[in-house]
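The values are calculated or read from the model by the stated rules, or taken from the named source; none is laboratory data. Fair warning: this is a prediction, and the values are worked out from it, not measured in the lab. Note: ideal-geometry Cβ built from the backbone for every residue, glycine included; neighbour counts use all protein chains shown. Side chains included, ligands, DNA and RNA excluded: accessible areas come from the protein's heavy atoms. Shrake-Rupley method; radii C 1.70, N 1.55, O 1.52, S 1.80 Å.
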Amino acid sequence: MHARARSAGADCPHCGSASDRVHGRYMRRLADAAVGGVRVVIELLVRRFRCPNLACQAVTFAEQIAGLTSPHARYTPLVREQLTSIALALAGRAGARLAGVLGLRVAKDTLLRLVRATPEEPVGQIRVLGVDDFALRKGDSYATILVDLETRRPVDVLPGRDAEPLAAWLRGHPEVEIICRDRAGAYAEGARTGAPQAVQVADAWHLWHNLGAAVEKTVSAHHACVRTTFENTVPATPPAGDDIWLTPPAAALLDVSGRERRLVTRTRERHTAVRQLLDDGSTLEDICRTLQLDRSTVRRFARATSIDELLVKATNRSTILDEYKPYLHQRWIEGCHSSAQLHQEIVALGFAGSPQTVRRYLRPFKTATVGPPARRSAPRPHRIVRWIMADPET
């Protein structure tokens, strides 16, 4: 589409003086909204005027068409609004692909620039503030996000997850009345220091998460008792449905030769060393340096109530073979004891592991005198936790 302005002159954008002295002309190409899926370009003939005000800093200026052009823009306001909406929803590459289907040619970097150029809404007064951390790089660097819980909008991001940045931010916002925060001690101290007038509460997700952790810790600590009771009460009959035969608990601690597994031995030694250093008054940092262990590992050993809790987590690990174990048990009972044949059968069902995985799992069955285990072992701790915390109606 070819167009030009019909006005006789234009006003200088710097000093406001009207001018009708044309200095020159040039062509501008503006992308407009597509019509019927066809790309539309407006070729606009633009005039450049001389400013009559000798005191003005601009000697010449280009005319602008209200509602159509803006300085240096290659899109009409309508297209810019459309592209901004696409960029906010899909960002760069995905947004560029959708815009191309709609008849708007745009690069991914242009969409990202439109996102950055979008003005942020003013924060205003915050009455209920949400505080939580998130990982910029998991295990390496973290940050703190602040959210206005009444408008459900993020308001700021603080470096790290320490108390002082949060306290400094709260000092500048004395209107905060309620702080719904993560239950970390640093956030508690920062909220207490920066906003002593605010009421601190824990949000429902963290309460439920902490409850789940407490239940899992308790179940793991008593799993040996649960396992003994379960094995003494469950009849030695083949499981129905999707239940799974598992090796006896004692066999899970031993290798093929009957000796204690290296993982079990190492777990016992580390637990003994950590408990001894804790009894001597050493801190977690001192234990990390002495035993050359990661802090999370030392913390896990220090919080464990017994060695059984650690051994359960070390030996009861899920594998890619778990969903195929019922089939293997059924075929073993039917008399098929060839690991190669059983491997081929479960590969046809979707198993992606190697024959060695099946062979290692079936080895205790072949060395036993009565074939597969006579009884099911107790369900794993995470399944018991799910039973406890699930809605009774479901």
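Considering the stretch 1-49, and only residues there that are under 17 Å from ARG74 (Cα atoms) and of a type in the set (Val, Ile, Thr), the residue that is surrounded by the fewest Cβ atoms within 10 Å (Cβ to Cβ) turns out to be VAL41. Could you list, in sequence order, all residues of the stretch 87-99 that are in contact (Cβ under 8 Å) with a residue 24 or more places away in the chain and buried (at least 21 other Cβ atoms within 10 Å of the Cβ)? If the condition is that a residue be in contact (Cβ under 8 Å) with a residue 24 or more places away in the chain and buried (at least 21 other Cβ atoms within 10 Å of the Cβ), then ALA87 is the only one that fits.
Look at (1) open to solvent by 40 Å² or more (accessible area, probe 1.4 Å); (2) within 30 Å of ALA188 (Cα to Cα) and you find that PRO52 fails only one, number (2). Only a single item in (1) open to solvent by less than 30 Å² (accessible area, probe 1.4 Å); (2) modelled with pLDDT under 90; (3) touching a Phe, Trp or Tyr at 6+ places or on another chain (Cβ under 7 Å) is not met by ALA195, and it is number (3). Could you tell me how many of the residues in the stretch 127-143 are open to solvent by 90 Å² or more (accessible area, probe 1.4 Å) and among the hydrophobic types (A, V, I, L, M, F, W, C)? Within the stretch 127-143, residues that are open to solvent by 90 Å² or more (accessible area, probe 1.4 Å) and among the hydrophobic types (A, V, I, L, M, F, W, C) number 1. Only residues that are surrounded by fewer than 13 Cβ atoms within 10 Å (Cβ to Cβ) and closer than 17 Å to LEU310 by Cα were counted across the stretch 264-295, and they come to 7.
Evaluating LEU83 against the criteria (1) open to solvent by 90 Å² or more (accessible area, probe 1.4 Å); (2) of a type in the set (A, V, I, L, M); (3) within 30 Å of ARG25 (Cα to Cα) leaves one unmet condition, (1).
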